[in-house]
Amino acid sequence: MGAGYGPPDLTRTIEDLRVFDRLPLPSQLDRTIMAGGTIAGLVAAPVLIVLLGLQITGTISAVEMVFYMAAGVVLGGALGAVLIKNIVHASLSLIATLLGVAALYLLLLTEFIALVQVLVYGGGVIILLLFALMMTNAQDDPIVQDGSQKPFAFGVAVLIGGVFVTALLDAQWGDPTAAVIPFVDFGARIFRDFSVPVIIVAVLLDIALTGAFVNARRAEAHDEEGRS
Amino acid sequence: MTDVLGNALNFRYALLLPEIVIALTAVAILFLDAFKAEFKVGYRALPLLAVAGLLGAGALSLVWVNETDEFSRLITVDNFTTFFRMLFIGTTVIVIVGSHEYIEKHVNHHGEFYALLLLSTVGAIYMAAARDLLTAYLSVEVLSFSLYVAVSLAKNDLRSGEAALKYVLLGGVASAMLLYGLSLIYGVTGSTQYTEMAAALSASDGSTDMALMLGLVLVIGGLGFKASAVPFHMWTPDAYEGAPIPVTAYLSATSKAATFALILRWFAGPLYPVAEDWRWMMSTLAVATMVVGNLVALQQTNLKRFLAYSSIAQVGYMLMAVAGMGPETASALLVHLGGYLVTNLAVFTGVIHFYNRTGKEGIADLKGLAETNPYLALVLTAGLFSLAGMPLLAGFFTKFILFQAVVEADYLWLVVVGVVASTISLYYYLMVIKQMYLYEPVGDTTRWRISPTGYLTTGALLAAVVVLGIWGTPLYRVSHEAALALFAAG
Amino acid sequence: MIPIENFLVLSALLFAIGFYGVLARRSAILILMSVEIMLAGVAINFIAFASYLDHDAFSGLVFALFVITVAAAEVGLALGVVLRLFRERRTANVDEANSLKW
């Protein structure tokens, strides 16, 4: 940089515009979305019809129907997040999972946690992830190649899932008694009964902030500090 | 606990005073560092302030010797807590005093570095003091987060960022495992408070046994990662090698001791009623850790990686005591932890001063150290012999107590494995010592001396290693008191 | 009332899917996303147990709240390290960062 202060170099500006070639063209993007949407719709429609049928015939309640829909979104989103090769799409799929999880919290009568989930993940974590994606891989090539250890990973995951589900279904959990905790009580009790964890979490956030700061800061800044 | 604001909880914030002092010192350090140009602080001011704050907190925590008190059912201050307060504060002081020259030369962001060490000490102390799963879990994360960052602070070393990345990713997976296990145990017991958990598990009718078992496996896996037990040790050599050496020392000392403090609190307290369910898991883990740690240590050429595997092997001995958990073994484990910390810090402080002078960290680079710096060679030799368990040094005394307690807990076969493993370890520790004494120095053969603070720390640690080996009664008595408090708290 | 087993099985599946992601992915950011999926499973577990079993119905909720907090903080911390590594090496893949043996 810094050759001089002459008139802007038009050829260079046009060269720079080529940057957009690296992004998917609008038509490609449209086609991807349409194809994905069609597939999702084709899969979702029969499931919805079956669920509705079950609900109308009285086999499952309305609440259960909502649960199964949310569970479908959660699991589908999670599978997308770990399987899709385009990392931007994978992270969008993660959003579906996290919002589905918030819906599950609502079903469990915990509005406050659902709210926190949407705010923290939707507002914070996903944005951070997308930022980092844009600043690293996605800059040049949004398609990632997964490792060669996929079959091994698949085996381990099936094993874990099988063992967990068996163990959880084997246990006799007590009688369900869902209770709602009002917001006011929630706040009062967090700061009374769990005062120490709140303090410790403050320390934790301080450390995370420091950590993100020392690592994300540019390298030149390090050198300056080293000299001083 | 059912009504919202009517229950009587104990809110004596004075109980938290030592940690408040440490945390405020950390904040003061960050502040001083940010405005060091305005305040014209010298480069020694930060470590001095850190040490002053720590010593103040240490003196304060002596107030609670032989006292027992609980803060709001979340934190308990008893002899066990006080024992670990002193241990962790002492470790951090030694690491700072012994390595401030190293930190000035080879570490980025000094202010943040010292602040992180102090805050992680708070996390480590609360791992030992927690009475509630939530407090304990958050303390674990405080310690881990600080260490993730501290590992990444080495200056001009590409390995540092990579080690931090591996550590943070694997650490996240381990935390998720630990948490899933905790959630299952919470589901089985219906509480996160240790006393209530123990009561629920004693009264359990066995209808949730599978879930409890799975929870135990996951919790032990997560803790095994934090303590770097085989097969959850993959991060250890990388993090140890990539980190600045004082952080490596800290990792091998405080991080391990804090994990064992937590293990003792959980497995001697809330999970003690189901001891028969987890003893076999712990003994399996102990055998795997001793065997793999010792065998892989044989092949290392880098000092830090070598010490990483040697510390993994040491974790195996400590896990034996957990497998045979009881008042006597807990007390023996505390003795061994004390001896291990002193010994390990002696070795690491020696290595730090060696690196300050030479900038090298290969085992072969130690060649001829006995000629160029006989004192440092003596410190390293004493430390390594003590790690191997040679008589008249701390390592022999503490390991003897440990093995004896485990035998009395009917785990003779574990001790046999431990003794065999110790014998193998003697071989590789001797290989390192051989480098210092039997070879001529390569390159620079001039005699050199370490700094005054270096003499101070290595001297104190050397003296401790020797004195503990000959006269370990005080440590034994203190550990006994701490173990009694541990089992009294339940 | 939905049986508690439904939530537990869902959380177990989420955990397994997340674990698959951790093992199969190479990009550090995608591994981090997989860890988030595992932690989502954990939070569902805590809340399900809190709602259904804990008569106090409370410690589990607070636990879940703090799990979400810690997970978010962890993402911030880890992404800082990822960015730094990317600056130094031009890669965010864990197996291309290989000056240390795994």
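Values quoted throughout were computed directly from the atomic coordinates according to the rules given, and no laboratory measurement underlies them. Since this is a predicted model, take the numbers as computed values, not measurements. A quick note on method: Cβ atoms are made from the backbone with ideal geometry, for glycine too, and the neighbour counts reach across all protein chains shown.
Structure notes:
- Annotation: Cα Rg of the protein assembly as shown relative to the compact-globule expectation 2.2 N^0.38 Å equals 0.96.
- Mean projected area in nm² (Cα convex hull; one quarter of hull surface) for the range B:264-402: 8.8 nm²
- Counting Cβ atoms of other protein chains within 10 Å of each Cβ in B:229-241 and taking the mean gives 1.
- Farthest toward the positive end of the dipole of the protein assembly as shown, out of B:L262, B:P327, B:H106, is the Cα of B:H106, where the dipole comes from beta carbon charges about the Cα centre.
- All-pairs Cα distance distribution in chain B, expressed in whole percent, bin size 20 Å: 25, 59, 16, 1
- Qualifying trypsin sites (Lys or Arg not before Pro) in the range B:7-99, where qualification requires a DSSP coil assignment and no more than 14 other C-beta atoms within 10 Å, comprise B:R12, B:K40, B:R44.
- Each Lys or Arg adds one and each Asp or Glu subtracts one; over the other residues with Cβ under 15 Å from the Cβ of B:L319, this totals +4.
- Global form of the range B:305-352, assessed from the alpha-carbon gyration tensor, a/c cut-off 1.5: oblate
- Highest-first arrangement of B:342-349, B:22-29, where packing means the average Cβ count within 10 Å: B:342-349, B:22-29
- Between the range B:217-248 and the range B:372-393, the alpha-carbon center distance in angstrom: 25 Å
- Computed from label points 7 Å out along Cα-Cβ, the spacing between B:Y13 and B:Y439 is 5.8 nm.
- Value at 222 nm in deg cm²/dmol, rounded to 500, when DSSP H runs of n ≥ 4 in chain B each add -39,500 (n - 2.57): -25000 deg cm²/dmol
- Relative to its Kirkwood radius, the Cα radius of gyration of the range C:4-89 gives an Rg/Rh of 1.09.
- Within the same chain, lysines fewer than 8 places from B:K40 are excluded, and of the rest, those with a Cα less than 29 Å from its Cα are B:K105, B:K155.
- Net charge over other residues, Cβ less than 11 angstrom from the Cβ of B:K226 (K, R count +1; D, E count -1): 0
- A simple charge model with +1 on the Cβ of Lys and Arg, -1 on the Cβ of Asp and Glu and nothing else charged puts the dipole of the protein assembly as shown at about 1940 debye relative to its Cα centre.
- Protection proxy ranking for B:177-189, A:60-72, using the average of other Cβ atoms within 10 Å per residue and placing the highest first: B:177-189, A:60-72.
- Alpha carbon Rg of the range B:235-322, scaled by the compact-globule rule 2.2 N^0.38 Å: 1.18
- Cβ-placed point charges (K, R +1; D, E -1), dipole of chain B about Cα centre in debye, nearest 20: 1240 debye
- Farthest toward the positive end of the dipole of the range C:4-89, out of C:N45, C:L32, C:L14, is the Cα of C:L32, where the dipole comes from beta carbon charges about the Cα centre.
- Length gained on full extension, B:L378 to B:T446: 22.7 nm, using 0.36 nm per residue less the C-alpha separation.
- Each part gets one Cα centre, and for the range C:20-45 versus the range B:271-308 those centres are 27 Å apart.
- Legend: ranking of residues A:L109, C:L53 from fewest to most surrounding C-beta atoms inside 10 Å; resulting order A:L109, C:L53.
- Taking the fewest neighbouring Cβ atoms within 10 Å as the starting point, the ordered list for B:H106, A:H89, B:H336 is A:H89, B:H106, B:H336.
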